[in-house]
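Visitor: Pasting a structure below so you can have a look.
The values are calculated or read from the model by the stated rules, or taken from the named source; none is laboratory data. Since this is a predicted model, take the numbers as computed values, not measurements. Here the Cβ positions follow ideal geometry from the backbone for every residue, glycine too, while neighbour counts run over all protein chains shown. To get the accessible areas, we keep the full protein, side chains included, count just its heavy atoms, and leave off ligands, DNA and RNA. Shrake-Rupley method; radii C 1.70, N 1.55, O 1.52, S 1.80 Å.
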Amino acid sequence: MFRAFPTLLRIGFAEAVAYRAELVIWVLTATAPLISMFIWDRVAEEGPLGGWGQGEMARYFLLTLIVRHLTSAWVVWELNENIRTGGLSPMLLRPMHPLVFFVAQNLSAMPLRAVILAPLIVGVLWWRPELVWTPEPWTLLLGLVSAVFAWAIAFAAQVIFGSLAFFSQQSLGLFNVYFGLWSLGSGYLFPLELAPDWLRQLLLWLPFRATLATPVELLAGLVAWEDALGLVAAQVVWAVVFVGLAAMTWNLGVRRHEAVGA
Amino acid sequence: MSLGVSIAALMRASLLTTMRYRASFFGEVAMAVAWAFWTTVPLFVVFDQAPTLAGWTTEEALAVVGFFIIAQGVLEALVDPNLRAVVEHVRQGTFDFVLLKPIDAQLYVSLHRTEPLKLVHCVVGAGVVAYAAKAVDAGPVELLSATLLMFAGLTLLHSLWTVVVSSAFFFVKVDNLSWLIRAGLDAGRWPVSLYRGFVRFVLTFVLPIGLVTTYPALALRGELKPSTGLGAMVIAVLFAGVARIAWTQSLRRYSSASS
């Protein structure tokens, strides 16, 4: 499996390049953080909110856009499609786990996604140069580690909902419900720090924050040292829970799988 | 065959298709309510921090969200499914059958795949607007002008889609483009006056979602100048004309699947 992985990455990259126009469109459809950025910029214009001025707002939402795209997964659609059409059967015959293939496919599209995002990033920097900051080494390092965990949780969550296609026709609908809650609870549409108190308290106990807001706030240098460790620890816990659930739904699902010829 | 009869027939066909899946109705109602909730939460978070923003209070901005939900409902029920089917027709060659029918092709494709169930979203959106209208004390004149402007905005939306779909005759695969435009239209959940400069220009004139959601809300507040309102309606009619021209011109370029 480890010998095959570089080849898988190459295939994934070639695939991403082949469908580059489509990738551009998918990247551009997930630009909601930019809209939020304009709105919150306007709110911060009247005066800083809890230490967040226009610079911090722009920094937060720019990082949200970047982290969202570089930790994103789409395995839920791939799984759904392949389970329904029987495309999964040949994958199961390969001498490697199908999910390894999806991991490689997912990771290898990241460089191209970064290239597509570059003009947007330059545009925002040009619009609000005051967002630039000098990150402390420890927040940067911890932020990057946290981004890896964020990706792992997001990927595992999609494997869970994707594997539900083994059991139900409605699995994509369920995923959409999850996505709706995620976009409200993860800091994607508004900074959790600025949410009303009761909502913030509630979100501390939910997994959404660990998939986006934690790495973003760390990278932006908006978290104190003593809070940072707690947030990353929560990510580790959620990663274990989600990967465990994903393995469980996948294993239960594959056993039920009755595609053509299986 | 008169126009009314054909429209009624197309609508009946759509309704019959929908009624085969009666259980979906309750699912759709639940989704519509959840979606309205999802759309309004960011608004409440923003207005929790700033009681008024660029002259908008929470209730007034809520009217914008209401019109936004209605617009999304119309988009999903009427505009998007119908016009996206055109792309499919062109790709598979079945568009020839559309052209053979003794009815105006634009009218036919605008109605033939309607999903009446999605209109539930419009009902929920209308509820949000009604709540906002009560909060801002809108009179009958305001309500009437807001409704007129809403229809002008929806005409605009439909025209925009028609232009995009017309390009399917040249580029074939444009259904992803409709997702891109929808992402842009998402900006319409906020009053357009919250945006600045270039973004505001785009949202007013290029992707005119500002006209669809903000102008009716302004009319509801009684703060839209009659000249502006009239201007918006003229623009809507102009856009519809442009869409008609784009459609007929592209149709002329269509070289059928079999020839």
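Visitor: Using the crude model of +1 on Lys and Arg Cβ and -1 on Asp and Glu Cβ, and no other charge, please compute the dipole size for chain B relative to its Cα centre, in debye to 20. Intermediate results must be reported in sequence, preceding the final value.
Guide: Working: 19 positive and 15 negative charges, 134 e Å.
Value, rounded to 20: 640 debye.
Visitor: Keeping all protein chains in place, calculate the accessible area per residue for chain A (probe 1.4 angstrom), answer in Å².
Guide: Values: 12430 Å² over 262 residues.
Value returned for chain A: 47 Å² of accessible area per residue.
Visitor: Same structure again: Write down, largest first, the equivalent ellipsoid semi-axes of chain B in whole Å, where each equals the square root of 5 times an eigenvalue of the alpha-carbon gyration tensor. Could you put the intermediate results ahead of the total?
Guide: Working: eigenvalues 222, 87, 59 Å².
Equivalent-ellipsoid dimensions as semi-axes: 33, 21, 17 Å.
Visitor: If you take the square roots of the eigenvalues of the alpha-carbon gyration tensor of the stretch B:198-246 and sort them as a ≥ b ≥ c, do you get rounded (a/c under 1.5), prolate (a/b over b/c) or oblate? Can you show the working numbers first?
Guide: Details: a/c = 2.55, a/b = 1.43, b/c = 1.79.
Since a/c reaches 1.5 but b/c is at least a/b, the shape of the stretch B:198-246 is classed as oblate.
Visitor: Rounded, prolate or oblate: pick one for the stretch A:121-219, where a ≥ b ≥ c are the square roots of the eigenvalues of its C-alpha gyration tensor, a/c under 1.5 means rounded, and failing that, prolate if a/b is larger than b/c, else oblate. Mind dumping the intermediate values first?
Guide: Working: a/c = 2.01, a/b = 1.79, b/c = 1.12.
Taking the square roots of the gyration eigenvalues as a ≥ b ≥ c, the stretch A:121-219 is prolate.
Visitor: To the nearest 10 square angstrom, what accessible area does B:VAL120 show with a 1.4 Å probe?
Guide: Accessible surface of B:VAL120 is approximately 20 Å².
Visitor: Using the Kirkwood radius over C-alpha pairs as Rh, can you work out the diffusion coefficient of the stretch A:4-256 via Stokes-Einstein at 10 °C, viscosity 1.306 mPa s, in µm² per second? Intermediate results must be reported in sequence, preceding the final value.
Guide: On the way: Rh = 19.2 Å.
So the translational diffusion coefficient is about 83 µm²/s.
Visitor: Sum -39500 (n - 2.57) across every DSSP H segment of at least 4 residues in chain A, then divide by the residue count to get the 222 nm mean residue ellipticity, nearest 500. Could you put the intermediate results ahead of the total?
Guide: Values: 14 runs with 194 residues, N = 262.
My calculation for chain A gives -24000 deg cm²/dmol from helical runs alone.
Visitor: Determine, from the Cβ-Cβ distance of B:VAL33 and A:PHE2 and an R0 of 51 Å, the FRET efficiency 1/(1 + (r/R0)^6), rounded to the nearest 0.05. Please list the in-between numbers first.
Guide: Numbers: r = 49 Å, r/R0 = 0.97.
It comes to 0.55.
Visitor: Sticking with this one: For A:GLU258 paired with A:TYR178, estimate the spin-label separation in nm (one decimal), with each label point 7 Å from Cα along the Cα-to-Cβ line.
Guide: Going from the A:GLU258 label point to the A:TYR178 one covers 2.5 nm.
Visitor: Further, regarding this structure: Given the DSSP H assignment, sum -39500 (n - 2.57) over each helix run of at least 4 residues in chain B and divide by its residue total; what's the result at 222 nm in deg cm²/dmol, nearest 500?
Guide: On the way: 13 runs with 190 residues, N = 259.
Estimated from H runs of four or more residues: -24000 deg cm²/dmol.
Visitor: Please work out the ratio of the alpha-carbon Rg of the stretch A:28-68 to 2.2 N^0.38 Å and round it to two decimals.
Guide: That works out to 1.13 for the stretch A:28-68.
Visitor: So which chymotrypsin sites (Phe, Trp or Tyr not before Pro) in the stretch B:136-202 are both in a DSSP loop and have at most 12 other Cβ atoms within 10 Å of their Cβ? Numbers along the way, then the final one.
Guide: Working: sites: B:PHE151, B:TRP161, B:PHE169, B:PHE170, B:PHE171, B:TRP179, B:TYR195, B:PHE198, B:PHE201; in loops: B:TYR195.
Filter output for the stretch B:136-202: empty list.
Visitor: Also, quick follow-up: State the answer as a single residue: which of A:ALA73, A:TRP238, A:LEU181 lies farthest towards the positive end of the charge dipole of the stretch A:4-256, with beta carbon charges of +1 for Lys and Arg and -1 for Asp and Glu, about the Cα centre.
Guide: Positive-end residue among those listed: A:ALA73.
Visitor: Okay, next question. Tell me, which longest segment in chain A has none of the GluC sites (Glu not before Pro) that fall in DSSP loops with at most 15 further Cβ atoms within 10 Å? Numbers along the way, then the final one.
Guide: Numbers: sites that count: A:GLU46, A:GLU258.
Looking at chain A, A:47-257 is the longest stretch - no exposed GluC sites (Glu not before Pro) with at most 15 other Cβ atoms within 10 Å.
Visitor: What average number of partner chain Cβ atoms lie no more than 10 Å from the Cβ of the residues making up B:36-49? Walk me through the numbers on the way to the answer.
Guide: Numbers: counts 0, 2, 7, 1, 0, 8, 11, 2, 4, 12, 8, 1, 6, 11.
Rounded to a whole number, the mean comes out at 5.
Visitor: For chain A, set up a GNM with springs between Cα atoms under 10 Å and report which of A:ARG42, A:ARG68, A:ARG94 has the largest fluctuation.
Guide: A:ARG94
Visitor: Any chance you could give the angle, 0 to 90 degrees and rounded to 10, that helix A:171-185 forms with the longest Cα principal axis of chain A?
Guide: Around 20 degrees separate the two axes.
Visitor: So what are the protein assembly as shown's ellipsoid semi-axes, whole angstrom, largest first, if each one is the square root of 5 times an eigenvalue of the alpha-carbon gyration tensor?
Guide: Working: eigenvalues 288, 215, 93 Å².
The equivalent ellipsoid of the protein assembly as shown has semi-axes of 38, 33, 22 Å.
Visitor: If each residue of separation counts as 0.36 nm, what is the full-extension length gain between B:THR57 and B:ALA9 once their alpha-carbon separation is subtracted? Display every interim value, and only then the final one.
Guide: Numbers: separation 48, 0.36 × 48 = 17.28 nm, distance 4.44 nm.
Difference between extended and current length: 12.8 nm.
Visitor: Here's another thing I want to ask about it. Using alpha carbons only, how many angstrom separate the centre of the stretch B:92-128 from the centre of the stretch A:1-75?
Guide: 34
Visitor: Oh, and also: Across the Cα atoms of the stretch A:1-104, what radius of gyration and what greatest pairwise Cα-Cα distance (Dmax) are found, in Å?
Guide: Cα only, the stretch A:1-104: 19.6, 61 Å (Rg, Dmax).
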